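Some notes on the structure that comes next.
The values are calculated or read from the model by the stated rules, or taken from the named source; none is laboratory data. Keep in mind that what you see is a predicted model, and the values were worked out from it rather than measured. As a convention, Cβ positions derive from the backbone with ideal geometry for all residues, glycine included, and neighbour counts pool all protein chains shown. SASA here: full protein model, heavy atoms, side chains in, ligands and nucleic acids out. Shrake-Rupley method; radii C 1.70, N 1.55, O 1.52, S 1.80 Å.
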Amino acid sequence: MLESLGPVLVKYPEFTEAKIIERICEPERQLIFRVPWQDDRGVVHINRGFRVQFNSALGPYKGGLRFHPSVYLGIIKFLGFEQIFKNSLTGLPIGGAKGGSDFDPKGKSDSEVMRFCQSFMLELWRIIGEHTDVPAGDIGVGGREIGFLFGQYKRLTNKFEAGVLTGKGLVYGGSQVRTEATGYGCTYFVNEMLASKKNGFKGKKVLVSGSGNVAIYTLEKVHQLGGKVVAMSDSNGVIHDEKGINLETIKQLKEVERRRIKEYCDSHKSARYIPNGNIWDIPCDVAFPSATENEITGKDAKKLVKNGCIAVGEGANMPTTPEGVHVFIQAGILYGPGKAANAGGVATSGLEMQQNASREAWGFEETDIKLQQIMRNVYVLCSEAAEEFGAPGNFVVGANIAGFIKVARAMIAHGIV
Ligand code: NDP
Ligand code: 2IT
């Protein structure tokens, strides 16, 4: 990030004078708290909760909550930092934050997840609010968890404050397209990159890592646009089927039954399961890393390029290591970094906040069109900034610069705070 900003600081010396870089790297506020809860047998468990409110120059803090055993302060801070610039790129009035817990929802009953969420909110509610900080989902936090968190917030505050969380169910203030938004948005972004080369998804062979929220709706949109997803994964292994992955089976397996991807092969005989496999070894035209950070190493990136991959869209946050990013940039392939390519999720959260504020509920198509426009705009912003600052076609530089300048200007306007 800081490497990309060199030319910006030369052009705008006022940013250096106001110590914007030093200030932007320091979160405005960080909360770490104890989350005690009881499992179904009555055994007591203690987890750690986090919320890093990184930057509120553009609007209320905004960003997801991650429940995963790997969560610690460092992960939440890097995600919160990325979120500032991603949110800026959406063009919506939202600041940057992230939160979560080292709680592992895997294998827990609905009641255990509910008790955990209630205990988590019993601390978090003090520092969030429609105009203060608006959390949403991320890894391990989907519609079920947001529902439990919202219910507890409503009970604690005695207010139906719909805009305090996004990713809500459609029956109590959620937005159409929010569930689909990150995967759809990422596919729209890659479609824009392909279109700039007079290309498209028709007939393209595609890899999508992960099989959670982002991965599932990337699969859906890629198939709608005429591409074919031939492999997906979860943390245990990879499924590969050159005939294409079946969307309905994946949805049933992952969204309804919460089972492992391996079980896909029980009903699809042409698919093979590769335990602990590396999805990036499979030849493809387009890759969508949509599971987690650092999943594409330098070696994986080289393999992808060698196998003929022409475009990468990061559905996940920072899924490519710095070595991998270097390989993609050197090879000159179309590479959409997470803070641009996956901005559709938080952008649609912003649209959910708009609907909550005006007590409206827009239709699916109307909301999807807004999402498409936002992703086109993110693409244009990144391309133009890359061009202006001497790195045409480099969306890493473009996204970092375009995201940063807006936040820096707002911070200068607010004085030394
Ligand atoms: P989900 O919890 O719905 O799915 C996560 C998927 O990634 C699962 O298939 C999971 O496998 C796999 N995964 C997670 N952690 C690991 C790990 N450490 N190693 C291997 N596989 C892993 O999360 P989302 O789909 O919401 O999030 C996926 C990525 O997209 C994250 O990087 C997130 O930050 C990012 N993102 C999400 C947005 C959203 O709106 N949800 C918006 C923008 C970015 P398993 O089930 O085996 O754990
Ligand atoms: O990483 C992300 O952008 C998200 N997990 C979505 C955040 C949000 O507030 O919708």
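Considering only alpha-carbon pairs that sit under 8 angstrom and 6 or more positions apart, the relative contact order computed for the chain is 16 percent. Candidate membrane-span-like segments in the chain, meaning DSSP H helices with Cα atoms spread over at least 15 Å of their own axis and a Kyte-Doolittle mean of -1.0 or above, are 73-89, 110-124, 143-157, 178-195, 213-224, 343-358, 364-388, 395-413, with no membrane implied. Remark: the chain carries 42 Å² of accessible area per residue (probe radius 1.4 Å; ligands, DNA and RNA excluded).
Working from Cα pairs under 8 Å separated by at least six residues, relative contact order for region 136-242 is 20 percent.
What shape does region 276-330 take by its C-alpha gyration tensor, where a ≥ b ≥ c are the square roots of the eigenvalues and a/c under 1.5 counts as rounded, a/b above b/c as prolate, and the rest as oblate? Rounded, since a/c falls under 1.5.
Here the accessible area of region 182-267 is 47 percent carbon and sulfur, with a 1.4 angstrom probe and all protein chains present.
Here the sum of -39500 (n - 2.57) over DSSP H runs of 4 or more residues, divided by the residues of the chain, equals -14000 deg cm²/dmol at 222 nm, to the nearest 500.
Around the amide H of residue 141, modelled in the peptide plane, lie the amide H atoms of 67, all under 5 Å away and 5 or more residues distant in sequence or on another chain.
Among the trypsin sites (Lys or Arg not before Pro) in region 183-225, those located in a DSSP loop and surrounded by at most 12 other Cβ atoms within 10 Å of their own Cβ are 197, 198, 202. I'd like the distance separating the alpha-carbon centroids of region 256-293 and region 3-21, in whole Å. Rounded to whole Å, the Cα centres lie 43 Å apart. For the residue pairs 302/406; 154/262; 197/254; 106/251; 168/254, alpha carbon separations beyond 29 Å are given by 302/406; 154/262; 197/254. With contacts taken as Cα pairs under 8 Å and at least 6 residues apart, region 105-188 reaches a relative contact order of 28 percent. In this structure, the amide hydrogen of residue 309, modeled 1.01 Å from its nitrogen in the peptide plane, lies closer than 5 angstrom to those of 284, counting only residues at least 5 positions away or on a different chain. Taking a ≥ b ≥ c as the square roots of the eigenvalues of the Cα gyration tensor, region 140-271 is oblate, since a/c reaches 1.5 or more and a/b is not larger than b/c. When you filter the GluC sites (Glu not before Pro) in region 306-381 for DSSP loop state and at most 16 other Cβ atoms inside 10 Å of their Cβ, you are left with 360. Tell me whether the chain comes out rounded, prolate or oblate; compute the Cα gyration tensor, take square roots of the eigenvalues as a ≥ b ≥ c, and use a/c under 1.5 as the rounded threshold. In terms of gyration-tensor shape, oblate. Here the 3J(HN,Hα) profile of region 103-109, calculated from phi with Karplus coefficients 6.51, -1.76 and 1.60 at θ = phi - 60°, is 5, 10, x, 4, x, 8, 6 Hz, Gly and Pro shown as x.
When DSSP beta bridges are restricted to pairs lying wholly in region 184-293, around 55% turn out antiparallel.
Close amide-amide hydrogen proximity is noted between residue 237 and 276, each under 5 Å apart and 5 or more residues distant or on a separate chain (H modeled in the peptide plane; Pro and chain starts excluded).
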